[in-house]
Amino acid sequence: MGRRHGLLIGLAAVALAGVSYAATNSGNFRGTYSINGGDPGDWREPSAKDTSVSMIITGPLALRMFQELGRQSRETLCVPPDHIEIRHRGDLDCEWDTAKREAECFIRFDLRTGKAKHARAC
């Protein structure tokens, strides 16, 4: 009886860990998007050869993304205001506004190729 009881407790723990993981690593998110052509800082109307979707993610997901990028990914080329910390890796940019205590992440995809593109001019 002791082994069976231990097995049931172990299975229950694994099931609860899975539920806990799903609760903290999935869900809805907030943000905005725009469909455009051109490059950041030089947007234009989308065309047959140049159409991208740009998204700004906000809320808890943006904060999690910012944190996961880590301090080693701090932006050094752009000089943000004192209250903004930018983290950058690949084509993903996130920023933390210490004054507002809010995070935003910027992503962009080329809708003709499906590839990520840099979302901001700086």
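The values are calculated or read from the model by the stated rules, or taken from the named source; none is laboratory data. All values derive from a computational prediction rather than experimental measurement. Virtual Cβ from ideal backbone geometry, glycine too; neighbours counted across all protein chains shown.
Could you go through region 19-35 and let me know if any residue there is modelled with pLDDT of 90 or more, part of a strand (DSSP E or B) and in contact with a Pro (Cβ under 8 Å, 6 or more places away or on another chain). Checking region 19-35: at least one residue is modelled with pLDDT of 90 or more, part of a strand (DSSP E or B) and in contact with a Pro (Cβ under 8 Å, 6 or more places away or on another chain).
Counting the residues of region 49-89 that are exposed (fewer than 13 other Cβ atoms within 10 Å of the Cβ), in a loop (DSSP other than H, G, I, E, B) and at pLDDT 90 or above gives 1.
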